[in-house]
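Every read-out reported here was derived from the displayed coordinates using simple, explicitly stated rules and does not represent laboratory data. What you see is a predicted model, and the numbers here were worked out from it, not measured in a lab. Cβ atoms come from the backbone with ideal geometry, glycine included; neighbour counts cover every protein chain shown.
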Amino acid sequence: MRADVVSIFPDYLRPLELSLPGKAQQKGLLDLRVHDLRQWTHDRHRTVDDTPYGGGAGMVMRPEPWGEALDALEVEGATVVVPTPSGRPFTQAMARELAGRDRLVVLCGRYEGIDARVLEHAAARTELLEVSLGDYVLNGGEVAALALLEAVVRLLPGFMGNPASLVEESHEDGLLEYPVYTKPAAWRGLEVPAVLLSGDHGAIAAWRAAQSRRRTAERRPDLLTATTAPGELLVRPAV
Ligand code: 6GU
């Protein structure tokens, strides 16, 4: 997979070169390129924002540098991903779909957002997806881009040494993961649940399934009533 990330704070994306995505690059599974949006400005102050038409607080990112970025990066055929609190909720299922794409282009907005025509223009050229990490506001898309790329990259075929560990984790089966334990069997007066030491694999599987359901009911009851139809499109196909 090739992934381009455009930001006015390219240094924010440096962590992508380390740890997990860094490993994917060393393995040749990921070609990651971070771009400074300001290279596509032409005025002396390298301006990327201006006041909103219609009034209101804050600044809006001007369309011209983004238009030049989309041209220079030749986005046709790529999936353009825009992190924004007004996007569709980003989910594990979406991460899985994006992991199957050949190329992602992530546009990190700042301020009150990017001029809406940039998104309209990008959508006319290729597949566009606006995604939100959750119902809270970050100052810009960079941290969201880090999170979503990490979620996608670890799903790239050949990335995980042990693919079974992908299947068993939270959200892959629509439930939260059961609690996990390692040695020692007793620690500060707290014991590992006896069933996990029993060697009875059927009993262990049943205990874990029950723990997953209990946790999900307590913490995320919305997941138990979720009604995403099998095969429902999570990413709108390009027209
Ligand atoms: Cl994806 N972007 C920004 N700027 N804020 C967010 C978010 C994304 N998800 C939650 N808050």
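Below, the figures for the structure above:
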quantity	calculated
Residue match in the range 113-126 (condition: at positive phi and among the small types (Gly, Ala, Ser))	yes
Residue that is surrounded by the most Cβ atoms within 10 Å (Cβ to Cβ), among those in the range 22-49 that are in a helix (DSSP H, G or I) and within 18 Å of the chain's Cα centre (by Cα)	ALA24
Test: residue in the range 179-186 that is touching a Pro at 6+ places or on another chain (Cβ under 9 Å) and either without any contact (Cβ under 8 Å) to a residue 40 or more places away in the chain or surrounded by 13 or more Cβ atoms within 10 Å (Cβ to Cβ) (or both)	yes
Selection count where residues are surrounded by fewer than 18 Cβ atoms within 10 Å (Cβ to Cβ) and of a type in the set (Val, Ile, Thr), scope the range 87-106	1
Hits in the range 71-84 (condition: crowded, with 17+ Cβ neighbours inside 10 Å and within 16 Å of ILE8 (Cβ to Cβ))	LEU73, VAL82, PRO83, THR84
Search result, residues across the range 10-21 that are over 16 Å from the mean Cα position of the chain (by Cα) and surrounded by 16 or more Cβ atoms within 10 Å (Cβ to Cβ)	PRO10
